[in-house]
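The values are calculated or read from the model by the stated rules, or taken from the named source; none is laboratory data. Just so you know, these numbers come straight off a predicted model, no measurement behind them. Because the Cβ atoms are built from the backbone with ideal geometry, glycine has one as well, and the counts that use them run over all protein chains shown.
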Amino acid sequence: MTGPIPSPLRTRPNTGLSIIRILPTLAWHLSRRLVRQAALGMLGLAALCAPASLMVAASGAALALPTPAVAQASGLDSTVVEAREAARKRDRTRLAAARAALQAGGHPLTQWVEYWDLSARLNEVQADEVEAFYARWSGSYVEDRLRNDWLLELGRRRDWPGLARDYPRFRMNDDREVSCWWLFTEHLAGRDVRDAARTAWFNQKELDDGCYLLATAMVDAKRFTADDVWRKARLALEAQRPGAAKAAVGLLGNAAAREVADAIDNPARYLRRNSGSNAASTRLPQEMRLLALLRLALTELDSATSLLDGGALGLGPSQGAWAWAYAGRQAAFKLAPDAAAYYQRALGLLRADEARHPGWTDDTLAWGVRTTLRTAAPAQRWPQVLRLVEAMSPSEQREPVWTYWKARALQAQARDGADGEIQRAEARRLLDSITGGVNFYASLATEDLGRLPALPAAPAALSAAERDAAKASPGLNRALLLVDLGLRDEARREWNFTLRGMGDRELLAAARLACDRSDWQLCINTAERTRGEIDTALRYPTPFAVEITQAANAAGLEPALVFGLIRQETRFMPQLKSSVGAAGLMQVMPATGRWVAKKIGLDWRNPEMISDPLVNLRLGTSYLKLVLDDLGGSQAMAAAAYNAGPGRPRRWREGPQLETAIWAENIPFNETRDYVKKVLSNAAVYSALLDSQKPPVLRPRLGAGIGPRDATAAATNTELP
């Protein structure tokens, strides 16, 4: 399952990649003195402090929050903000006036306002005006972003010469529909684009004009086969895109289009009419039944597996294997005990030549590994894990998560003594290949090899010239100015575009520039891009060290865990607010804030209190402590509860007793699964940063494992929101 997750604290974890709007300036000033006095009075009860090295860095400056420049903006700066608002409202008159004012004043963000203005008129302009914009702002983010928009417009205009001329200059090349338009022009020019076209079409999520026209042309030219069409339809249904599935099958003709609409829109009825003696054994009706079954399994899994089990659908072996694998995937989402058995049945239907490459998606195979780890009997578990991992695409197999579990499977299956040494050696090689970092699976691999984890050695200090080069970067400066004006989405895009092609030292200098501006989000995200030179201090900064440590100690929590959670929630940016209202360093929802305030006796005089760092820390740490206690002290379950609400980890713990890594890997929500692993690995790093005598070990945080609540444990706290 993917998508937003309802949570008492926030809808999704802020990894620093999400677009989050800035709180109004009023939130920083309303009742600040009253709020501070209340929070400081409560935190004063816990005078335990952070290590001296961090206290020196944090004291005095920790609560000196950068004042949002929206309040300071004046003159032409305010005109930029007004222009953005005019663009959102499609007020072309105000936008044109703002553009003229900024051009006359030579403002450094004039190019952005020109981009908004030209974008609003793109369906009317001609190529010469676009080319003039390119020339004025050559090499900038807005030049390439306008090129993206213009290429889409050229596709809609069916201007193939114009598209062929402009596409090679598109540097970001991050728009799949544009890629499809380009491949279509290449096809028209007589070039063989079949493989690239298949990849683009298969990866298309939403229906769009460019990829559909490309697919139509490839089918008409017999460059795409019926196999390609049916695969696209299956992939679209797996991605829950029924419209794309219908469009794909429609390429086979009007009759097929009408039938697939019936199969997808009314799958139960369609299968009743076309099963048993009515189940034709030719390819098209078999594929129609398979599509109907995939659609049915999404909402009525038991009915779908009953039809499969009875053999009334007359599917071929490879079609049946796909159906059982998809049923296993749906069952795995539900943490159903029979999910691994469904995958076993799917694998059993494959021919020998299909076994290594059954054609299932990497996502389906990943869920097969997860549920096999969770529910398969020991004799079946590790052979099936190995088989499913080895069926993944080469790039997916290289992901640390699957490298790790493949190594574990090899270890578990190795024979005793010399006969198993080859497998054990390969397992050690695989584990060693993912060590060297501090992420979840790198840490597990390091500890499994019997090594003590350590933080990477600090790189050489940045020279004055390196730091000055970052300060002089026009793109980075534009991004920081956009941040100051509250245009964080535009700032993120400008910043990331400017980072393209930078080496490690340049990235570290850019990260340092962001940290010096207290933009910890940009700082962390930029520092994480380096490959050879790892600066842990930039990747894991410690702003608000005194306040976080005091709040954690007052709540009875380990400070490292709180640092790790805040890093994942907001990247230490207290002014960020989510689209659903979660606010502050720990992204507390207003309703949860009121509930916790009442629970701990905090005077809740004003909803804006939630945005103050001290109050927010007290509310967030108190809530985290409550869920941690309710879930038996499990940091993994507490992190899941903080992200997705306490009811979900309570349900997810039901079933077999599992090692914590397996439990975490089986969390049904992609977002929460990633969140839990990152919070725990973050906490391990911060424990070493806060106490240099401690190594950043992860396994102690995982505990003895996770299973059903002990009968002797205290009753569930059902009041927790």
Is segment 353-361 home to any residue that is part of a loop (DSSP other than H, G, I, E, B), surrounded by fewer than 21 Cβ atoms within 10 Å (Cβ to Cβ), touching a residue at least 60 places away in the same chain (Cβ under 8 Å) and of a type outside the set (Val, Ile, Thr)?
yes
Filter pass, GLU124 being farther than 30 Å from LEU237 by Cβ, free of Cβ contacts under 8 Å to residues at least 60 places away in the same chain and in a helix (DSSP H, G or I):
no
Checking GLU354, GLU287 in turn, the sole residue that is among the charged types (D, E, K, R), touching a Phe, Trp or Tyr at 6+ places or on another chain (Cβ under 6 Å) and farther than 30 Å from GLN657 by Cα turns out to be GLU287
Helices (runs of 4 or more DSSP H) enclosed by segment 51-99 - at least 3 residues per element that are of a type in the set (A, V, I, L, M, F, W, C) and at pLDDT below 50
52-58, 69-72
Which of the residues spanning segment 174-205 are surrounded by 13 or more Cβ atoms within 10 Å (Cβ to Cβ) and more than 22 Å from ARG231 (Cα to Cα)?
ASP175, VAL178, TRP182, THR185, GLU186
Taking the criterion of being under 27 Å from the mean Cα position of the chain (by Cα), at positive phi and in contact (Cβ under 8 Å) with a residue 24 or more places away in the chain, would at least one residue in segment 700-717 satisfy it?
yes
Lone qualifier among CYS523, CYS515 - being assigned to a helix (DSSP H, G or I) and crowded, with 22+ Cβ neighbours inside 10 Å
CYS523
Filtering segment 235-293 down to residues that are part of a loop (DSSP other than H, G, I, E, B) and not small (Gly, Ala, Ser), which residue is surrounded by the fewest Cβ atoms within 10 Å (Cβ to Cβ)?
THR282
Condition test on GLY450, is it modelled with pLDDT under 95, assigned to a loop (DSSP other than H, G, I, E, B) and not polar (S, T, N, Q)?
no
Considering (1) in contact with a His (Cβ under 7 Å, 6 or more places away or on another chain); (2) exposed (fewer than 13 other Cβ atoms within 10 Å of the Cβ), say which one ALA217 fails and leave the rest.
(2)
With assigned by TED's automatic domain parsing to the domain that holds PHE133, outside any helix (DSSP H, G or I) and of a type outside the set (Phe, Trp, Tyr) as the only criterion, which of ASN173, ASN148 stands out?
ASN173
Residue satisfying all of: in segment 377-402; in a loop (DSSP other than H, G, I, E, B) and touching a Phe, Trp or Tyr at 6+ places or on another chain (Cβ under 9 Å); nearest to LEU431 (Cα to Cα) among these:
GLU399
Of the residues in segment 661-676, those that are buried (at least 21 other Cβ atoms within 10 Å of the Cβ) and part of a helix (DSSP H, G or I) come to ALA661, TRP663, ALA664, GLU665, THR672, TYR675, VAL676
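Quick grid of which residues meet (1) crowded, with 17+ Cβ neighbours inside 10 Å; (2) without any contact (Cβ under 8 Å) to a residue 40 or more places away in the chain; (3) more than 24 Å from ARG531 (Cβ to Cβ):
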site	(1), (2), (3)
ALA454	no, no, no
ALA469	yes, no, no
ASN477	no, no, yes
LEU485	yes, no, yes
ALA491	yes, yes, yes
GLU494	yes, no, no
PHE497	yes, no, no
Scan segment 526-564 for residues that are on the phi < 0 side of the Ramachandran plot and part of a loop (DSSP other than H, G, I, E, B) and report the count.
14
If you go through LYS334, LYS406, the only one that is closer than 28 Å to GLY437 by Cβ and out of contact with any Lys or Arg (no Cβ under 8 Å at 6 or more places or on another chain) is LYS406
Do we have ASP302 as more than 30 Å from SER433 (Cα to Cα) and in a helix (DSSP H, G or I) here?
yes
Failed condition for ASP208, given (1) crowded, with 17+ Cβ neighbours inside 10 Å; (2) of a type in the set (Asp, Glu); (3) farther than 30 Å from LEU290 by Cα, with all others met?
(3)
Looking only at segment 323-338, decide whether some residue is in a helix (DSSP H, G or I), farther than 19 Å from ASP362 by Cα and either acidic (Asp, Glu) or in contact with a strand residue (DSSP E or B) (Cβ under 9 Å, 6 or more places away or on another chain) (or both).
no
Considering every residue within segment 679-696, establish whether at least one is outside any helix (DSSP H, G or I) and either under 17 Å from the mean Cα position of the chain (by Cα) or among the aliphatic types (A, V, I, L, M) (or both).
no
Those residues of segment 581-602 that are assigned to a loop (DSSP other than H, G, I, E, B) and surrounded by 15 or more Cβ atoms within 10 Å (Cβ to Cβ) come to a total of 8
Being at pLDDT 95 or above and within 29 Å of the chain's Cα centre (by Cα): is that true of ALA196 here?
yes
